Amino acid sequence: MAIKMKEKYDKYWGDIDKMNLLMFVACVLNPKQKLKYLEFALSEMSSSEKACEMMLKLKEYLYELFDEYKPPLHSTCSQSSVSTHVSIGEPQQKMKRRMQVLYKKRELEICGEDKTSELDKYLAEANEEFVEDFDILLWWKVNNPRFPTLSKTARDVLAIPVSTVASESAFSTGGHVLDQYRSSLTPKIVQALVCTQDWIRRSSSQEDIKKIEEQIQELDKIENGLMQMEIFCSDEMDIMENIKTYMSIMC
């Protein structure tokens, strides 16, 4: 067993080059860690040369991923484009917003676009403190106006499960629900049964769960008995039909 566990560990974690880079990206998207903590962790896990090589590879991958999520330039320009005419009768707040957009547009025309990307600004900021009850999703929700593109990236990357245990468990649970007697259940009914089972286990005590499981087992026995009776009755009817046919032939 230990040898099998070691083989499984080496397959996914033994060689840094074979590890999925999204694991490192998720670490960078944690405001408590970012690149500083990851660089320290890699240097502890392997040699300094290997850590530097991996950090260069990760940075390149990070910028490529950021460019994938970054909206096209023409869409941002179309959103910020407004009419240069400002009427006197407009509300003050609306005029203020229009003037701010026009000023930003003029600055871009004169100085060019700011080369410092969201990713650079995020990485340049100091790390958050290591707090036990730190909510990383809430942090990205609050900082969405500052990092809109990175927030979308974090939403997708952090939603990826680290292990396949949950999905494999779901398939094994489905095998308990769909057996030879329940093979014609619709997907909605199967989903309802699996979800109900999960909710009962979370919201009930152990004694309640045991009683419910006993009741389910009793219902299964009744259902199996009814199906066996149905099969038996159908066999009996077939026998009677055969007897009637035989009697008619003899007569």
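The values are calculated or read from the model by the stated rules, or taken from the named source; none is laboratory data. Note that the structure is a prediction, hence the values are computed from the model and not measured. No Cβ is skipped: glycine too gets one built from the backbone with ideal geometry, and neighbour counts run over all protein chains shown. Areas reflect the complete protein model, heavy atoms only, side chains present, ligands, DNA and RNA absent. Shrake-Rupley method; radii C 1.70, N 1.55, O 1.52, S 1.80 Å.
Structure data summary
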read-out: Inter-probe distance in nm under a simple model that places probes 7 Å from Cα toward Cβ, at D220 and V194; value: 1.7 nm
read-out: Sequence ranges 142-150, 207-215, ranked by mean other-Cβ count within 10 angstrom, highest first; value: 142-150, 207-215
read-out: Neighbour net charge for C195 - beta-carbon separation under 14 angstrom, K R +1, D E -1; value: +2
read-out: Per-peptide average of other Cβ atoms within 10 Å, ordering 152-160, 92-100, 28-36 highest first; value: 28-36, 152-160, 92-100
read-out: Nearest-10 value in Å² for the accessible area of S48, using the 1.4 Å probe; value: 80 Å²
read-out: Sequence ranges 51-60, 131-140, ranked by mean other-Cβ count within 10 angstrom, highest first; value: 51-60, 131-140
read-out: Table column - 3J(HN,Hα) (Hz), the range 210-219, Karplus curve with 6.51, -1.76, 1.60, x for Gly and Pro; value: 5, 5, 5, 5, 5, 5, 5, 5, 4, 4
read-out: Reach of K211 by Cα under 25 Å, taken over lysines that are not fewer than 8 positions away in the same chain; value: K221
read-out: Spacing of the two label points (7 Å from each Cα toward its C-beta) at L21 and S47, in nm; value: 2.3 nm
read-out: Under 18 Å from the Cα of K6 - lysines, other chains or at least 8 residues apart; value: K18
read-out: Among the listed pairs K8/K121; K50/K70; K8/K210; K59/K141; K11/K152, those beyond 28 Å (Cα-Cα); value: K8/K121; K50/K70; K8/K210; K11/K152
read-out: Where M19, M45 fall by accessible area, highest first, once all protein chains stay in place (1.4 Å); value: M45, M19
